[in-house]
Amino acid sequence: MSLSFLFKILTKDLAKVGSQHAQAFHTGSHLLAVDKNLLVKLRKRSGYTFINCKKALEKFHNDITQAEAWLNEQAQKEGWSRANKLEGRKAKEGLIGLYVRDKAAVMVEVNCETDFVARNDKFQQLVKDVAISAMAHHQNKSPTGYVKNVMAADQLSKVSGTDGASLADQVALTIGRLGENLSVKRAVTVSVPDEWRIGFYVHGGVAGQSEVAMGRYAALVVFQGGQEESLGRQLGRHIVGEAPASLGNMDDLPGGESETRLLPQTFLGDPDRTVAQVLKGQRARVLDFVRFQCGESIGEEAKL
């Protein structure tokens with residue numbers, strides 16, 4: 001074997017090794033190009049895995065805004081795909097969200113498959129977003145006087161969410177993150193004139209919530225008068241506990257233990273008096289009420 005031939009082989013091998021080292025160095029540099037602080041921030045802010053966050057930051061050269069938007073877009077696409085696959089699976093768990101602001105209130109129901117997901121922060125954020133969005137949708141119509149609006153799932157899904165996308169898109173995004181069938185089921189919004197009041201109560205509440213209260217049962221009650229500041233909460237608590245189906249009249253006689261009219265029912269906070277007697281004692285009257293129970297069939301909720 002000639003020296004020139006050996007030299008050619010050696011030169012070729014060295015070039016190959018050099019190319020491998022250059023490739024490894026390039027790959028290593030690419031990995032190190034991701035800002036670790038941004039990676040941690042994006043992971044905490046978005047909730048996606050470190051691998052996906054790193055991939056997004058690499059793709060958009062450490063632009064965290066574009067990276068998060070891209071992650072959400074991918075999750076939403078995955079969510080719609082999962083939503084189509086999960087459609088038909090029962091979602092009877094979840095939470096009622098109740099939001100009261102000035103002279104208006106909204107109550108929404110958002111469902112999931114398991115109680116475990118109902119306790120998840122991302123699911124609870126979805127409930128909050130649905131409630132706030134439904135409130136904004138209601139108030140954008142500039143209601144005057146007493147206005148009550150009931151929205152079914154198809155109407156509620158089309159409402160614009162807090163980020164400008166529809167609530168249907170926000171649900172898909174959350175499905176992509178949680179991997180469980182979710183749905184916005186219904187909402188009721190009310191607004192009242194200055195001389196009217198809104199009482200409310202949530203049972204089985206989620207700790208740590210502020211502007212949007214959450215639980216498995218909730219009630220809104222519209223009333224006038226009242227000498228005690230807590231009357232609205234007392235009435236809401238009674239409605240949640242006793243589940244009246246209709247209002248009735250102030251002079252109706254009690255119908256016994258199976259009484260389903262609100263006013264003749266024995267008041268939950270005072271077993272010696274009916275709701276009507278309590279209202280008369282405080283010079284108050286109930287005008288309307290709505291009760292939601294998570295997982296109940298549509299039409300079972302109490303309303304006028």
Which of 98, 231 comes first, and how do the rest follow, when ranked by fewest Cβ neighbours within 10 Å?
-> 231, 98
Span from the the stretch 235-304 Cα centroid across to the the stretch 132-147 one, whole angstrom = 26 Å
When the Kirkwood hydrodynamic radius is evaluated over all pairs of different C-alpha atoms of the stretch 93-293, what value in angstrom, to one decimal, is obtained?
-> 17.5 Å
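When ranked by the protection proxy of mean other Cβ atoms within 10 Å per residue, highest first, what sequence do the peptides 164-173, 212-221, 269-278 form? Each step should come with its number before you reach the end.
Numbers: 164-173: 19.5, 212-221: 24.2, 269-278: 16.8.
Going by the mean number of other Cβ atoms within 10 Å, highest first, we get 212-221, 164-173, 269-278.
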Residues 114, 174 arranged by fewest to most Cβ contacts within 10 Å = 114, 174
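For a quick protection proxy, order the peptides 179-188, 198-207 by their average other-Cβ count within 10 Å, most packed first. Don't jump to the answer; show the numbers that get you there.
Working: 179-188: 21.9, 198-207: 18.2.
Listed from highest to lowest mean packing, they are 179-188, 198-207.
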Taking a ≥ b ≥ c as the square roots of the Cα gyration tensor eigenvalues, with a/c under 1.5 meaning rounded and otherwise prolate when a/b beats b/c or oblate if not, the stretch 149-251 comes out prolate
Report, by chain and number, residues whose modeled amide H sits under 5 Å from the one on residue 262, excluding near sequence neighbours (fewer than 5 apart, same chain).
-> 245, 246, 247, 248
Just order 132-139, 257-264 by mean Cβ neighbour count inside 10 Å, highest at the front, would you?
-> 132-139, 257-264
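We did not get these values from a lab; they are worked out from the coordinates using the rules stated. What you are looking at is a predicted structure, and each value in this text was computed from that prediction instead of being measured. Cβ coordinates were reconstructed from backbone atoms using ideal geometry, including for glycine residues, and neighbour counts include every protein chain displayed.
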